[in-house]
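Some notes on the structure that comes next.
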Amino acid sequence: ARKWKKKVLTIFLFIQLLIIGLLAASCTANKYLPEGKKYYDGATIKWSHEPDVSGKDRRNTLSDLNEVIRPDPNFKWLGMRPKVWFYHIAGEVEKEKGFKHWLKYKVGGEPVYLEDVNYQQVNRLIGNRLTLNGFFQGRSRPELIEHDHNAVIQYEVSASNPYRYDTIALVAGKG
């Protein structure tokens, strides 16, 4: 009798996991993707290998460069965008209160499409941050990596050793 109960519980657990998996798979936002558009999946910065740039300079500068990347992509979980899915299933909202408004704007989130990204401006901001960090000869080049429903922008950065002041001497003036 014990073996029989254990088998039934195992089968029941398997069926529950299968149902949860099917429900989660149906929550994909790709079915709401308009024709000709792609979701923006974020950006990466790839630093071209320059032997004369120290690891510390590179890490500090990459941290600054990541701050200028906008907009932030939609949250993804297990390859799905649940916030975008909730945004779309809520439909049109007539009132600024109520369940549909809460579902669309608090639980859900507006989709971020590739066309919403001004990657040329972000590229200029990356060049500006390179200059502010002393990389006056720094270059940045955006590259679009497209997939079926989404796209990623990769900025390839190349820069030589940054210019740094060794000492600063202040001369006391009259006055």
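Within the bounds of segment 94-101, is there any residue that is out of contact with any strand residue (DSSP E or B) (no Cβ under 7 Å at 6 or more places or on another chain), open to solvent by less than 90 Å² (accessible area, probe 1.4 Å), modelled with pLDDT of 85 or more and farther than 30 Å from GLY138 by Cα? Within segment 94-101, one or more residues are out of contact with any strand residue (DSSP E or B) (no Cβ under 7 Å at 6 or more places or on another chain), open to solvent by less than 90 Å² (accessible area, probe 1.4 Å), modelled with pLDDT of 85 or more and farther than 30 Å from GLY138 by Cα.
Take segment 59-82 and flag every residue that is part of a loop (DSSP other than H, G, I, E, B), of a type outside the set (D, E, K, R), touching a Pro at 6+ places or on another chain (Cβ under 9 Å) and crowded, with 19+ Cβ neighbours inside 10 Å.
ASN74
Within segment 21-53, being modelled with pLDDT under 85, surrounded by 11 or more Cβ atoms within 10 Å (Cβ to Cβ) and either within 16 Å of TYR119 (Cβ to Cβ) or among the polar types (S, T, N, Q) (or both) holds for THR28, ASN30, SER48.
Residue-by-condition table, conditions (1) β-branched (Val, Ile, Thr); (2) touching a residue at least 40 places away in the same chain (Cβ under 8 Å); (3) open to solvent by 80 Å² or more (accessible area, probe 1.4 Å):
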position: VAL107; (1), (2), (3): yes, no, no
position: LEU114; (1), (2), (3): no, yes, no
position: PHE135; (1), (2), (3): no, yes, no
position: SER140; (1), (2), (3): no, no, no
position: HIS149; (1), (2), (3): no, yes, yes
position: GLU156; (1), (2), (3): no, yes, no
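Quick one: in segment 83-109, which of the residues that are assigned to a helix (DSSP H, G or I) and basic (Lys, Arg) is nearest to ASP41 (Cα to Cα)? Among residues in segment 83-109 that are assigned to a helix (DSSP H, G or I) and basic (Lys, Arg), the one nearest to ASP41 (Cα to Cα) is LYS83. Can ILE15 be described as open to solvent by 60 Å² or more (accessible area, probe 1.4 Å) and either at pLDDT 90 or above or not basic (Lys, Arg) (or both)? So ILE15 fits the description; yes.
Here LYS56 meets each of (1) surrounded by 14 or more Cβ atoms within 10 Å (Cβ to Cβ); (2) within 25 Å of TYR155 (Cα to Cα) with one exception, condition (1).
The values are calculated or read from the model by the stated rules, or taken from the named source; none is laboratory data. None of the values given here were measured: they were computed from a predicted structure. All Cβ positions, even for glycine, are placed from backbone atoms using ideal geometry, and neighbour counts span all protein chains on display. What goes into the accessible areas is simple: the full protein's heavy atoms, side chains included, and nothing from ligands, DNA or RNA. Shrake-Rupley method; radii C 1.70, N 1.55, O 1.52, S 1.80 Å.
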